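The values are calculated or read from the model by the stated rules, or taken from the named source; none is laboratory data. Predicted model, so just to flag it, every value in this text is computed and none were measured. For neighbour counting, all protein chains shown are included, and Cβ atoms are generated from backbone atoms with ideal geometry for every residue, glycine included.
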Amino acid sequence: NIPIRTEFGRKIRRAFIAEKGFKLMSVDYSQIELRLAAHVSGDEKMIKVFRENGDIHEATARTLFSLSLDGRGQGEGEITPEQRRLAKTINFAVLYGASAYGISSRIKGVSQGQAEDFIKRYFEAYPKLAAWLKNTIEQTKKLGYIKNELGRIRFLPEINSSQFQVRAGAERAAINMPLQSLAADIIKMAMNKLAEEKLTSRDDCRLLLQVHDELVFEVLENKIDIYAPQIVKIMSEIYKLKVP
């Protein structure tokens, strides 16, 4: 998993080259864990954003900064890149069970009090997600384990520990496991289907790597337009969600 956002990372990536006449092609799931959060929680507002192909980070930013949309979908105030970045951090931080302290230490210039206010507004905007998070922790405390939608289990007896840090760590794991493990299961199911359809080991289309929610192929240059749509179709249809 080579970094892409830094100049040094981009230099390293130049060392990876496809065979002559081929290109490296990356196909990845967009915001898979947030889509799964919308799916498992059934939160109507999150589901609506994804079904309308909206920007979930912008939608969250509008909530956090009280910027509404008018009937034409144009904002009454423009979202700044900084506001969207902050909303993106909070979107993912919540899925990892981050506290107000954790969010304030992660975002420069945001106090713990501001972070608490952001979390409060976030849960007011996505009430069913808030309820799902709370219920997940309560169920894990009761059972000693957490299960994802496909039945994969992780045992977390330490969620009832008397030590705060141990308990808090287990609570974070309980929140994230049903999402992260389901994302991992979905991409494995897609890989199996791609293999069945002979799209992973052809002479002109080979699967090289899986990196989290991304698959990297080596494809003959003049066949990319043929194989890319087939791969995208299988990956996007392999498991039925409440959101695309």
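Looking at the range 65-75, is at least one residue assigned to a strand (DSSP E or B), touching a strand residue (DSSP E or B) at 6+ places or on another chain (Cβ under 8 Å), more than 26 Å from L179 (Cα to Cα) and not polar (S, T, N, Q)?
Start the filter on the range 65-75 by keeping residues that are assigned to a strand (DSSP E or B), which leaves 69, 75.
Still in the list and also touching a strand residue (DSSP E or B) at 6+ places or on another chain (Cβ under 8 Å): 69, 75.
Still in the running and more than 26 Å from L179 (Cα to Cα): 69, 75.
Checking which are not polar (S, T, N, Q) leaves us with 69, 75.
Yes.
Being buried (at least 16 other Cβ atoms within 10 Å of the Cβ), part of a loop (DSSP other than H, G, I, E, B) and either under 14 Å from the mean Cα position of the chain (by Cα) or at pLDDT 85 or above (or both) is the requirement here; does I47 meet it? Considered against the rule, which asks whether it is buried (at least 16 other Cβ atoms within 10 Å of the Cβ), part of a loop (DSSP other than H, G, I, E, B) and either under 14 Å from the mean Cα position of the chain (by Cα) or at pLDDT 85 or above (or both), I47 comes out as no.
Scanning the range 109-145 for residues that are of a type outside the set (S, T, Y) and not in a helix (DSSP H, G or I) yields G109, V110, G144.
Output the residues belonging to the range 2-44 that are part of a loop (DSSP other than H, G, I, E, B) and basic (K, R).
Passing the criteria: R5, R14, K20.
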